[in-house]
Amino acid sequence: MRVTTMNKLLYLVPVLAYLGKTISISLEEINIPSEHLPYFFNTYPDLAKSCVDSHDCQYKSLINEKVCWGYETTCDKNNSYHVRPRCPGDHRGWVKTKEAQYDTFYTQADFGYVKEQIQELMVMCEATYPQDSSLECSKYLRFCRGRNLMLNFHGLVGRGDNLRYKMDILGPGQIGGYCQVYSERLMKEAEHMSALQSWAPEFVNFVKTSKRPIQDGMCDIVINKPTYIMKLDATVNMYHHFCDFFNLYASLHVNSTHPSTFSRDNHILIWETFTYDSAFKDAFKAFTVNPIWDLKKFRGKIVCFRNVVFPLLPRMIFGLYYNTPLIYGCERSGIFHAFSKHILHSLNVKLHIRENNKVRITLLSRGTTYRTILNENEIVERLMQVKGYHVQRVVYDRTVPFTKQLEITHNTDVFIGMHGAGLTHLLFLPDWAAVFEIYNCEDPNCYADLSRLRGLKYVTWQNKTKLVQQDQGHGPGGVSHAKFTNYSFDVEEFLRLVEICAAYVRNRQDFKNFIAASTMKNSHEEL
């Protein structure tokens, strides 16, 4: 979505902020795909009205669509996000009715999860006047947001630059604000005392300050822009790092009380002293236009934040994405679909017009010690002989920019790979795609569930008599494990499983529509 400079002036909407100041926001500042704009306009009617009143607004046709994300109090299920769960599997043994099965999945794994977080929000520190501080959190302190909060980082002096996954960054009294603190309520919700499960290690230290932190000059530094403070999972691993990105996206919705939530003019502070770097760092461009901070920036300082969010964490008990307890028989999560579209939009990754109707097959080759395909060359050669396939073999390493990896993935119909973090790319496949996890290496649920959440066809190897394991596996401590060895596969069985995926793609109406649209566009260009 892009708006001209002239239009930008017309779309400014004044919104009364908590601090008593008027904030203006424009459509140009909002970072969402155009297909999400109807949901956005219905959430923020003042911004929609500014578009209606403008002669030049190009989005007027999107304003009267009666749609909602799914977590709003007035949202009818029939008007909720257009990608909704399906529950074709048996529900017996789990719940009593199909409706209960659907509702359970929706709450576990869709925008219903966001709704639950919003409904659970509790005031932990209550303001009396606009200049006061405030803090509210969801249950178990999984998500928190505050205003005019003070964080004292004097305790970081002399502790070095290797602080990660620590539960003692702050000590007693080193976080607080001027407000009425409900200490008993706060401590009751601090049960999940773990570095990546909740914000309990930080907020058990919360106190009422003697003065208003910002107004009364308690701060060495005042951060005026909204700030997201994040505790990250393993940034070298795509599966685990995207737990961070997904939960940050979900937190935008939990925090969606103001349209600026979907602006990228904010700050992100990583809760460690390591300088952030990752092969997947471009994904942060979906959330901020500013440099990523770490705690070194504020060592020895008292820092005050006018608006601060402590997002959902990557390893929460019964969290979403990691540790998700999915009910059997349901698939396709709207919030996972929306997350995929949000990242692809932000990084400007697009579908390519097709020149033919061949099924595009991408085999992700592992450049690692374990879980390589010993007869990979033979398999690729045979796949390339199939007339209806366009086959490519890729290695996603640091020599291939992450946005280029996403471009390849997003233009793939059948994505093939051994069990491993690279399969997380399935999140960014087109909706009609299929995933072939060649062998799950005795971890059957990880990528099967991720495919299920994304709403994709999933296939994996079943007949163990048609694969050969190189050896018993050399796991940590000398333990045998299927993840720590290599494999060769029966070629005919491999081709049979790929064709199951390809047939599924060919039968999808959205794939047919895309091929037809490509053909029409190509013919127009030739004319």
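The values are calculated or read from the model by the stated rules, or taken from the named source; none is laboratory data. All values derive from a computational prediction rather than experimental measurement. Neighbour counts run over all protein chains shown; Cβ positions are idealised from the backbone, glycine included. Ligands, DNA and RNA are excluded from the accessible area calculation, which covers all protein heavy atoms including side chains. Shrake-Rupley method; radii C 1.70, N 1.55, O 1.52, S 1.80 Å.
Check whether at least one residue in the stretch 126-137 is touching a helix residue (DSSP H, G or I) at 6+ places or on another chain (Cβ under 9 Å), open to solvent by 30 Å² or more (accessible area, probe 1.4 Å) and in a loop (DSSP other than H, G, I, E, B), and report yes or no.
In the first step, residues of the stretch 126-137 are kept if they are touching a helix residue (DSSP H, G or I) at 6+ places or on another chain (Cβ under 9 Å); the result is 135, 137.
Within this subset, residues satisfying the condition of being open to solvent by 30 Å² or more (accessible area, probe 1.4 Å) are none.
No, the stretch 126-137 has no match at all.
What residue, of 104, 74, 128, is modelled with pLDDT under 95, polar (S, T, N, Q) and in contact with a Cys (Cβ under 9 Å, 6 or more places away or on another chain)? Walk me through how you get there before you give the answer.
On the way: 104 fails: modelled with pLDDT under 95; 128 fails: modelled with pLDDT under 95.
After ruling out the rest, the residue left standing is 74.
For the stretch 166-203, a residue qualifies if it is part of a loop (DSSP other than H, G, I, E, B), within 20 Å of residue 315 (Cα to Cα) and among the aliphatic types (A, V, I, L, M), and the qualifying residues are 167, 169, 190, 193, 195, 196.
Evaluated against (1) within 18 Å of residue 112 (Cβ to Cβ); (2) outside any helix (DSSP H, G or I), residue 39 falls short on exactly one condition, (2). Are any residues in the stretch 396-421 surrounded by 24 or more Cβ atoms within 10 Å (Cβ to Cβ) and not in a loop (DSSP other than H, G, I, E, B), and if so, which ones? Passing the criteria: 409, 414, 415, 416, 417.
For the stretch 230-276, name all the residues that are of a type outside the set (A, V, I, L, M, F, W, C) and assigned to a helix (DSSP H, G or I).
Step one: of the stretch 230-276, the residues of a type outside the set (A, V, I, L, M, F, W, C) are 231, 233, 235, 237, 239-241, 244, 247, 249, 251, 253, 255-261, 263-267, 272-273, 275-276.
Matches in the stretch 230-276: 239, 240, 241, 244, 247, 249, 251, 253, 259, 260, 261.
Going through (1) at pLDDT below 95; (2) open to solvent by 40 Å² or more (accessible area, probe 1.4 Å) one by one, residue 160 falls short only on (2).
Only residues that are buried (at least 16 other Cβ atoms within 10 Å of the Cβ), without any contact (Cβ under 8 Å) to a residue 60 or more places away in the chain and among the β-branched types (Val, Ile, Thr) were counted in the stretch 329-380, giving 2.
Specify the residue that is least open to solvent (accessible area, probe 1.4 Å); the eligible residues are those in the stretch 204-221 that are within 16 Å of residue 181 (Cβ to Cβ), free of Cβ contacts under 8 Å to residues at least 60 places away in the same chain and part of a loop (DSSP other than H, G, I, E, B). Among those residues, the one meeting the criterion is 205. Right, residue 181: modelled with pLDDT of 95 or more and crowded, with 17+ Cβ neighbours inside 10 Å or not? Yes, satisfied. Taken as a whole, the structure leaves residue 50 outside the set of residues that are in contact with a Lys or Arg (Cβ under 8 Å, 6 or more places away or on another chain), touching a residue at least 24 places away in the same chain (Cβ under 8 Å), closer than 30 Å to residue 306 by Cα and surrounded by 17 or more Cβ atoms within 10 Å (Cβ to Cβ). Scanning the stretch 250-258 for residues that are among the polar types (S, T, N, Q), at pLDDT below 95 and either touching a helix residue (DSSP H, G or I) at 6+ places or on another chain (Cβ under 8 Å) or open to solvent by 10 Å² or more (accessible area, probe 1.4 Å) (or both) turns up at least one hit. Selection of the stretch 459-496 for residues being polar (S, T, N, Q), within 22 Å of residue 447 (Cα to Cα), touching a residue at least 12 places away in the same chain (Cβ under 8 Å) and not in a strand (DSSP E or B) yields 463, 485, 486. Tell me, please, whether a residue that is assigned to a helix (DSSP H, G or I), hydrophobic (A, V, I, L, M, F, W, C) and either farther than 24 Å from residue 369 by Cα or without any contact (Cβ under 8 Å) to a residue 40 or more places away in the chain (or both) can be found in the stretch 433-447. Within the stretch 433-447, not a single residue is assigned to a helix (DSSP H, G or I), hydrophobic (A, V, I, L, M, F, W, C) and either farther than 24 Å from residue 369 by Cα or without any contact (Cβ under 8 Å) to a residue 40 or more places away in the chain (or both). Count of the stretch 367-412 residues, restricted to those that are of a type in the set (D, E, K, R), more than 27 Å from the chain's Cα centre (by Cα) and farther than 19 Å from residue 468 by Cβ, is 1.
Note on the stretch 1-30: residues that are modelled with pLDDT of 50 or more and open to solvent by 10 Å² or more (accessible area, probe 1.4 Å) amount to 3.
Of the candidates 151, 186, 196, the single residue that is surrounded by 14 or more Cβ atoms within 10 Å (Cβ to Cβ), within 23 Å of residue 225 (Cα to Cα) and modelled with pLDDT of 95 or more is 151.
When the residues of the stretch 90-115 are filtered to those that are assigned to a helix (DSSP H, G or I) and free of Cβ contacts under 8 Å to residues at least 12 places away in the same chain, the one that is least open to solvent (accessible area, probe 1.4 Å) is 100.
Taken together, 446, 441 contain a single residue that is open to solvent by less than 60 Å² (accessible area, probe 1.4 Å), closer than 17 Å to residue 326 by Cβ and of a type outside the set (S, T, N, Q), which is 446. The set of residues from the stretch 260-292 being within 21 Å of residue 201 (Cβ to Cβ) and surrounded by fewer than 19 Cβ atoms within 10 Å (Cβ to Cβ) comprises 274, 276.
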